[in-house]
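Colleague: First the structure, which I've put down as structure tokens, then a few questions once you've had a look.
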Amino acid sequence: MNESQKKERRLGYLLVAPSLLLILAIAIWPVIQSFYFSLFDYRLNDPAKSDIHFSYTLDLEQYLDSQPFLLTALDDEIEEAPPEVASTLKDIKSNMKAYDEELLQDEDLAKRYEKVNEKLFNFEIPSDDLKFVEIDRSFGEDFKETFEQVERRLNELEDQEALTQANRLTGLASAINDSIIEPNFIGFNHYEKNLTDSRMWRSLMNTGIFTLVSVGFELVLGMGIALLINKAFFGRGLVRASILIPWAIPTAVSALMWKFLYDGQNGIVAHFFEQIGIIDSMSNLLTTSTGAMAAVILTDVWKTTPYMALLLLAGLQTIPSSLYEAASIDGASKWKQFIKITLPLIKSSILVALLFRTLDAFRVFDLIFVLTGGGPANSTETISILAYKVMFSQTNFGEGSALAVIVFICVAIISAIYIKFLGSDLLGDGAKK
């Protein structure tokens, strides 16, 4: 490679670098971050798992809010308890003091211990940086196991009605136990759980059915509309503009509009379907699994067929009219011309249209969320809606991120299949080899 070629290569890299950086920031980085979150049991509704922890952590605020009161309650209980119960309680108290003394052997921890204790005494709230302290793994595991055992022993005494303030003792013991925050790194457990979960596979099946049926109808109808508006006739511009209106309407607005049309009491479309015998009752359209899936597919076909037609029309307009004139002179029928001229020459446009629409349909969310919410009985729940419910409704960011990664992998596989089997000619001779 000579110097001139090296300069051209460097220039090429410089020209594409901004686009690559933009793709990395907008598309790749969120996927990497989602994959990272998916490796943790990350739940915003659980204080112990609302952040990512690689090591055992002690919440000094919660510990000091509970430990002194539990010791006092144990002293009160020991004075009034029978000898055998008092012996058990003294053993619990002795263990608690031993762990407290072991905590204070670390100078840095002891200083923070005193600072948190002082703030609590003055009714102040300690900062997270002050109250959360990393502790040794073996100590953390031993501490957790010991106080779980304390909690069990107190529960057993409560069941035996041997305690006068049982609820207070067990509640404080539970609070101390919860003051130890365990590492929430779980590796690929979320993926294992989802890949063995029937609900996830059902949502993938719903997504596949919706994608295949809707994109199939849109391709056929879009091709027909594209062939029609590609012809020269009076008012063609007005027809083209009016056809694009459904696509121009925001998806949420379209879904809400069709929800009223499908209404089981006053919906015009539901009434029409009942009259012509497609459904037995108007109420069946959105309350049965088959009716609901058909309803969302019909709505999607109505909205996005114009988009498919627009992409195919762009391909049709690149075909020279002289090819059709020559074919007519040779006696080729319209169908023959369509098979031999139109389809081969707009193969690239069909690929692009199918790729865009398949990926868009596979990631469908807003249409179904507004129209059916994934119901009835999750019969229209897609993988994107399931990920939303897990991540935001249940605030389980770890599992929701795993589902988001699964969606990304499915989308990547679909893209690879299209490029491999339908669009190798788009990438040049090198792709065919």
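The values are calculated or read from the model by the stated rules, or taken from the named source; none is laboratory data. It should be emphasised that the depicted structure is a prediction, and the values quoted were computed from it without experimental measurement. All Cβ positions, glycine included, derive from the backbone under ideal geometry; neighbour counts span all protein chains shown. Heads up: the accessible areas ignore ligands, DNA and RNA and are worked out on the full protein's heavy atoms, side chains in. Shrake-Rupley method; radii C 1.70, N 1.55, O 1.52, S 1.80 Å.
Colleague: Please compute the contact order of the stretch 371-410 in relative form: average sequence separation of alpha-carbon pairs under 8 Å and at least six residues apart, divided by the residue count, as a percent.
Modeller: Value for the stretch 371-410: 29 percent.
Colleague: With charges set only on the Cβ (+1 for Lys and Arg, -1 for Asp and Glu), what does the dipole of the chain come to about its Cα centre, in debye to the nearest 20?
Modeller: That gives a dipole near 4780 debye.
Colleague: Select from T358, Y324, Q337 the residue farthest towards the positive end of the dipole of the stretch 315-365; place +1 on Cβ of Lys and Arg, -1 on Cβ of Asp and Glu, and compute about the Cα centre.
Modeller: Result: T358.
Colleague: Would you be so kind as to identify which of I209, F139, T287 lies farthest towards the positive end of the dipole of the chain, taking Lys and Arg as +1 and Asp and Glu as -1 on Cβ and the Cα centre as origin?
Modeller: Checked the options; the winner is I209.
Colleague: Just one of (i) 112, 77, 38; (ii) 71, 58, 41; (iii) 77, 44, 34 is Cα extents along the principal axes in Å as worked out from the coordinates here. Which one is it?
Modeller: Step by step, Cα extents along the principal axes in Å for this structure corresponds to label (i).
Colleague: Also, quick follow-up: State, to one decimal in nm, how far the label point of L44 lies from the label point of A232, with both points 7 Å from Cα in the Cβ direction.
Modeller: The modelled label-to-label distance comes out at 5.9 nm.
Colleague: Packing-wise, with mean Cβ within 10 Å as the measure, how do 178-191, 23-36 rank, highest first?
Modeller: 178-191, 23-36
Colleague: Can you tell me, using C-alpha contacts under 8 Å and at least 6 residues apart, the relative contact order of the stretch 256-304 as a whole percent?
Modeller: Across the stretch 256-304, relative contact order equals 27 percent.
Colleague: Would you mind computing, in nm to one decimal, how far apart the modelled labels at S281 and I78 are, each placed 7 Å from Cα along Cα→Cβ?
Modeller: Output for this residue pair reads 7.0 nm.
Colleague: Counting only C-alpha contacts under 8 Å and six or more residues apart, can you give the relative contact order of the chain as a whole percent?
Modeller: 22
Colleague: Among all helices in the chain defined by DSSP H, which have a length of 20 Å or more along the axis from Cα atoms plus a Kyte-Doolittle mean of at least -0.5?
Modeller: What comes out of the filter, once short or polar helices are dropped, is 3-23, 60-80, 198-229, 289-316, 347-362, 397-421.
Colleague: Give me the percent of the accessible area of the stretch 277-370 that comes from carbon and sulfur atoms, probe 1.4 Å, all protein chains in place.
Modeller: 64
Colleague: So for each of 284-290, 212-218 I average, over its residues, the number of other beta carbons within 10 Å; can you give me the resulting order with the highest mean first?
Modeller: In descending order of packing, they fall as 212-218, 284-290.
Colleague: Another question, if that's okay. How charged is the neighbourhood of V213? Take every other residue with its Cβ under 13 Å from the Cβ of V213, and add Lys/Arg as +1 and Asp/Glu as -1.
Modeller: -1
Colleague: Any idea what the dipole of the stretch 79-221 comes to, in debye rounded to 20, about its Cα centre with Lys/Arg Cβ at +1 and Asp/Glu Cβ at -1?
Modeller: So the dipole magnitude of the stretch 79-221 works out to roughly 700 debye.
Colleague: Right, here's the next one. Which entries of K193/K389; K231/K336; K231/K347; K90/K144; K49/K119 have Cα-Cα distances beyond 22 Å here?
Modeller: Flagged as over cut-off: K49/K119.
Colleague: What does the net charge come to around S127 if you take all other residues with beta carbon closer than 14 Å to its beta carbon, with K and R at +1 and D and E at -1?
Modeller: Within the 14 Å Cβ shell, the charges total -2.
Colleague: Enter the accessible area per residue of the chain (Å², integer; probe 1.4 Å; all protein chains in place).
Modeller: For the chain, the per-residue accessible area is 56 Å².
Colleague: So between A327 and N122, what do we pick up on full extension, going 0.36 nm a residue minus the alpha carbon distance?
Modeller: Computed gain between A327 and N122 is 64.4 nm.
Colleague: Could you compute the FRET efficiency for K334 and Q5, with r as their C-beta to C-beta distance and R0 at 51 Å, rounded to 0.05?
Modeller: FRET efficiency, K334 to Q5: 0.50.
Colleague: Then there is this: How many percent of the accessible area of the stretch 9-111 is carbon or sulfur, using a 1.4 Å probe?
Modeller: Accessible surface attributable to carbon and sulfur in the stretch 9-111 totals 59 percent.
Colleague: Among residues other than Y324 whose Cβ falls under 15 Å from its Cβ, what is the net charge (Lys/Arg +1, Asp/Glu -1)?
Modeller: Value of the local net charge: +2.
Colleague: Quickly estimate the mean residue ellipticity at 222 nm for the chain, helices only: each DSSP H run with n ≥ 4 gives -39500 (n - 2.57), and the total goes over all residues, rounded to 500.
Modeller: Result for the chain, helices only: -22000 deg cm²/dmol.
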